[in-house]
């Protein structure tokens, strides 16, 4: 048997149950992975609450790292004994063991341990596609990053600085402001009430070519007002709730703006893209340009407590669940 956190109904953290489930057998194209560490991400909250739909009951979680224990027919990308990690795809990471499509696994470099891998795959690959493909950040750019002290935010601040950009980070508390500064944010704004005015002051009126917004409903309009003409609004999360329907005329009125709602799944749907994104992430981590901050760990069985802390904005950096 395998232990797993399952939900049988949508709701708060209290709906998460630590249960026995049968150890799955890998089918064709699949691998059985024994987890050494599991990543905690805000998307897990979306699935728990029902904002993102899935059949019930289900095992939560989309990110993990561990060892391949067995493979099914037709698997060529990994083999038994490989150290691997993954992010995205089918739910099922909140378990001591799981099966997953083998072509979604990437092999870990020896220098990256399981806890670091579980902390960085979803957030780090998200940062990669946001900074390198959605809007390719260039030396000299000034960019705006919301939730700059969160898991994705801390990685983006470091990586963007490494690319030669100036980062304006937005955070919720003075303590988080210090953390964002320590990780590469040149300017930090606490709260978003006067955000456009602060960005105008920092940029001497030029505003920014791109805003990366994972907060959603509460910050959308303020983010739009921070953009320079022809700027790009990248809405990639809903921490405060989904953004209401947008009048496309707004984009015209605010300066012929671009608006996108990207996902990691699209940017890594092809195996070659997944390998390229992961390799880019592994490179900056191994060279020290990006340091992964695992600031909280919880036993996997206590995942409900981890969700409570995450939703209360009590976490910084990455959080890992340990089986």
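Every number here is computed from the coordinates shown, using simple stated rules; none is lab data. Computed from a prediction, not measured in an experiment: that's the story for all the values here. Reconstructed Cβ throughout: ideal geometry from the backbone, glycine too, with neighbour counts over all protein chains shown.
Listed values, structure above:
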read-out	value
Efficiency of FRET between residue 225 and residue 252 - r from beta-carbon atoms, R0 22 angstrom, step 0.05	0.90
Between the range 218-297 and the range 1-57, the alpha-carbon center distance in angstrom	25
Projected label distance in nm at residue 20 and residue 190, using a 7 Å step from Cα toward the beta-carbon	5.1
Förster radius 30 Å - calculated FRET efficiency between residue 69 and residue 286, Cβ distance, rounded to 0.05	0.70
Considering only the chain, percent of DSSP beta bridges that pair antiparallel, nearest 5	55
Spacing of the two label points (7 Å from each Cα toward its C-beta) at residue 111 and residue 138, in nm	3.0
Inter-probe distance in nm under a simple model that places probes 7 Å from Cα toward Cβ, at residue 76 and residue 206	4.9
Global form of the chain, assessed from the alpha-carbon gyration tensor, a/c cut-off 1.5	prolate
Fluctuation leader among 272, 160, 117 - the chain, Gaussian network, Cα springs under 10 angstrom	272
